[in-house]
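Take a look at the structure set out below.
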Amino acid sequence: MTDLPVTTLAAASDSPQLTFGLVLAIIIAIVVLIVIGKSVRIVPQAQTWLVERLGRYSHSFEAGLHLLIPFVDRVRAQVDLREQVVSFPPQPVITSDNLVVSIDTVIYFQVTDPKSAVYEIANYIVGIEQLTVTTLRNVIGSMDLEQTLTSRDQINGQLRGVLDEATGRWGIRVNRVELKAIDPPASVQGSMEQQMRAERDRRAAILTAEGVKQSQILTAEGEKQASILRAEGSAQSRILEAEGEARAILQVFDAIHAGDADPKLLAYQYLQMLPEIANGSSSKLWLVPTEFTAALGAISAGLGGTVPTVPMPPADDAEAAAARRRERLSFESSGLRNPAEALAEARRQAEAATVDATAAGQRSGRPFDPDATRGQQPGVPTQQGSHAAPAAQPYQQPPAQPYQAPVQDGEQPPAPPTPPAPPAI
C-alpha cells in the first residue's frame, strides 16, 4: 500500500520532460526548414542575381540552383538581361526658329553588366530618361521645324550615339531610339495643312496635265497611223483598180484586133456611147471629135449612103502585131483571160448591130447591105458588073463642134451641130 503512491509520483514527474523534448524537436525542425529555405535559391533564365555577404558584393548567381549562407549572404538585386522598352512622356523642345514642339520618345536598351547597372547608378531608368531629354533638346535646338519634321532618321541616329556613349559606363547598351510623335503648335499645324493641301493640288494638277499630254500624244499617234494606213489602202486600191481597167482594156483591144472586128461595129458602139456622155443634169461642155464624121460615114455606108474616104493608118506587119499582142496579154490577172470569149462577145455585138442597121434600112426604104463597099449604093453593081460606081472623092474632116449640154432639167437641150454634107461625087 505504501509503494503505490511513490510510483504514481515518478510517472507524473517524467511527463513534463517528455512534453518539453517534443516541443524542442519541433522547434528545431522548423528552424532547419527555414534555414534550408533561405539557403536554396533558383534563378530563372535571362536574369542575374547579385549576392552580398555581410553587406559587401560577393558574387552573382546566373540561371539555375544556388545555395546561400543563411544570415550571412543576401540577394542585393535581381537584374533582367533581356532587351527592355521604355516609353517616355512627351517633352517640350524648342527648335532653332523659336517654335515649341512636343516630342514623344521610346528607347530600346539592354543591361550588359548587372554589377555596374546596380552599383554605378541608383536608378538607371530615371538616368536614361533624363539623359534622353537633355540630348533631345540639344539635337532639336540646332534644327528648324522643317528639318525636325523631315529628319527623323538623323535625330534617331544622333540620340542613339550620345546615349550609348553615356550609358556605357552604367553597363547598359542603347540599341534604338525612336521618335513616336512630333507635335508642332496648333497655329503651325494649320499652316502646314494648307501648305500640304496646296502641294497635293499642285502634284495632282501636274499628274493630270501629264496624263492629258500622254493621252493626246497617243491619240495623235493613233490618228497618224490610221491616216497612213487609210492612205496606203486607198493608194493600193486605186492602183489595183487602174491595173484591172488597163488589163481589161488591153484584153478587149487585143481580142477585137485579133478577131479583125468590122469597122461598122466600132462605129455603132461609138454612137451608143454618145448619149451617156451627154447624160446628166449638171452643166457640161464636151467636144465632138473628128472621128465622129468617120463614125457617121460607117453608119451611112451600112445604110447604103456615100461615105467620104477617110485615110487609115498603115497596118503593122504581122510580127510587130504579134509581139504587141504577146506583151499586152502578159497581164494574167485580168478579168478577160480568154481572148476567144472576148472575140465571141464582139461578134455577138456586131451581129446585133447588123440586125439594128438592117431594120433601120428597111424603115427608110434603103436596105442595109453588109457586103457593100464603102461609098457604094445598095443594088449598084461593082466594077465586075455592068455599072461601076463612081470612085469616092476624099474630103477634109470638119473640126470638132462644141455645144453646151442642158443646164436644168426643165429646159430644152440645144441641138447638136449638123455635120456638113459630104461633097458631091
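The values are calculated or read from the model by the stated rules, or taken from the named source; none is laboratory data. None of the values given here were measured: they were computed from a predicted structure. For neighbour counting, all protein chains shown are included, and Cβ atoms are generated from backbone atoms with ideal geometry for every residue, glycine included.
Would you confirm whether any residue within the range 100-115 is among the β-branched types (Val, Ile, Thr) and under 30 Å from Ser58 (Cβ atoms)? Yes, the range 100-115 has at least one match.
State yes or no: is Val86 on the phi < 0 side of the Ramachandran plot, out of contact with any Asp or Glu (no Cβ under 9 Å at 6 or more places or on another chain) and of a type in the set (A, V, I, L, M, F, W, C)? No, not satisfied. Being over 26 Å from Lys115 (Cβ atoms) and assigned to a helix (DSSP H, G or I) is not true of Glu165.
With respect to Asp201, is the statement that it is closer than 30 Å to Gly127 by Cβ and assigned to a helix (DSSP H, G or I) true? Considered against the rule, which asks whether it is closer than 30 Å to Gly127 by Cβ and assigned to a helix (DSSP H, G or I), Asp201 comes out as no. Restricting attention to the range 41-75, the residues that are touching a Leu at 6+ places or on another chain (Cβ under 6 Å), assigned to a strand (DSSP E or B) and among the hydrophobic types (A, V, I, L, M, F, W, C) total 1. Scanning the range 79-88 for any residue that is small (Gly, Ala, Ser) and modelled with pLDDT of 85 or more turns up at least one such residue. Each residue in the range 104-138 was checked for being polar (S, T, N, Q), assigned to a strand (DSSP E or B) and under 21 Å from Ala46 (Cβ atoms), and 1 of them qualify. Scanning the range 110-146 for residues that are surrounded by fewer than 15 Cβ atoms within 10 Å (Cβ to Cβ), β-branched (Val, Ile, Thr) and within 15 Å of Glu165 (Cβ to Cβ) turns up Thr112, Thr134. For Gln214, the requirement of being polar (S, T, N, Q) and modelled with pLDDT of 90 or more is met. Whether a residue is touching a residue at least 40 places away in the same chain (Cβ under 8 Å), touching a helix residue (DSSP H, G or I) at 6+ places or on another chain (Cβ under 8 Å) and not hydrophobic (A, V, I, L, M, F, W, C) was assessed, and Gln110 does not pass this test.
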